[in-house]
Amino acid sequence: MSFGRQFAILMSVAEIAIIPSSASGQDWDHAQRIDVELSNFDFTPNRLTLRHGQPYRLHLTNKGSGGHNFSAPAFFKAATVAPEDAATVAEGAIELGKGESRDIRLVPAMGRYKLKCTHFMHSGFGMKGEIVVE
């Protein structure tokens, strides 16, 4: 086996080892569901207030006429995202095409986080908000 392959396997094992037990052992069936609609230049609600350490299932639905995203890089970086959902959060954003819905299971970390749609000019037209974790 090549050194590169051995290194890749070692890194995979290391990533699995650092997944917090709060994510891998979480009872997601009892996570509180939070519905967020993405529409033409708005998040509804545009302010989320969550409790630190509590499991949530963010249910995102794009009701707009085109694509949108739910971009909160600092929030997702600080949160413990369910391992099965981690790949959906690309660079701190969740992309949704017209009419799509997606669930993200996570346990948030305390703080105040900016939320916006990073598509061209969407946040400038008001598609932004805040996530507060107390």
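Annotation: of all residues in the range 32-42 being out of contact with any His (no Cβ under 9 Å at 6 or more places or on another chain) and closer than 19 Å to residue 95 by Cβ, the one that is surrounded by the most Cβ atoms within 10 Å (Cβ to Cβ) is 42.
Identify, please: which residue in the range 88-106 is hydrophobic (A, V, I, L, M, F, W, C) and under 22 Å from residue 30 (Cα atoms) and is, among those, surrounded by the fewest Cβ atoms within 10 Å (Cβ to Cβ)? Only one residue tops the list, namely 104.
Residues checked against (1) modelled with pLDDT under 95; (2) in contact with a Cys (Cβ under 6 Å, 6 or more places away or on another chain); (3) under 28 Å from residue 99 (Cα atoms):
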| residue | (1), (2), (3) |
| --- | --- |
| 2 | yes, no, no |
| 15 | yes, no, no |
| 22 | yes, no, no |
| 28 | yes, no, yes |
| 32 | no, no, yes |
| 35 | no, no, yes |
| 46 | no, no, yes |
| 50 | no, no, yes |
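Restricting to the range 80-134, name every residue that is closer than 25 Å to residue 65 by Cα, in contact (Cβ under 8 Å) with a residue 40 or more places away in the chain and of a type in the set (Phe, Trp, Tyr). 125, the sole residue that qualifies.
Against the conditions (1) modelled with pLDDT under 95; (2) closer than 15 Å to residue 129 by Cβ, residue 76 satisfies every one except (1).
Screening residue 115 against (1) surrounded by fewer than 18 Cβ atoms within 10 Å (Cβ to Cβ); (2) under 12 Å from the mean Cα position of the chain (by Cα) leaves a single unmet condition, (1).
Of everything listed in (1) modelled with pLDDT under 95; (2) at positive phi, the single unmet condition for residue 92 is (1). Within the range 55-90, the set of residues being hydroxyl-bearing (Ser, Thr, Tyr) and touching a helix residue (DSSP H, G or I) at 6+ places or on another chain (Cβ under 6 Å) comprises just one member, 80. Applying the condition of being in a helix (DSSP H, G or I) and touching a residue at least 40 places away in the same chain (Cβ under 8 Å) to the range 67-77 and asking which residue is surrounded by the most Cβ atoms within 10 Å (Cβ to Cβ) yields 75.
The values are calculated or read from the model by the stated rules, or taken from the named source; none is laboratory data. Everything numeric here is computed off the predicted structure, so don't read it as measured data. Please note: Cβ atoms are built from the backbone with ideal geometry, for glycine as well, and neighbour counts cover all protein chains shown.
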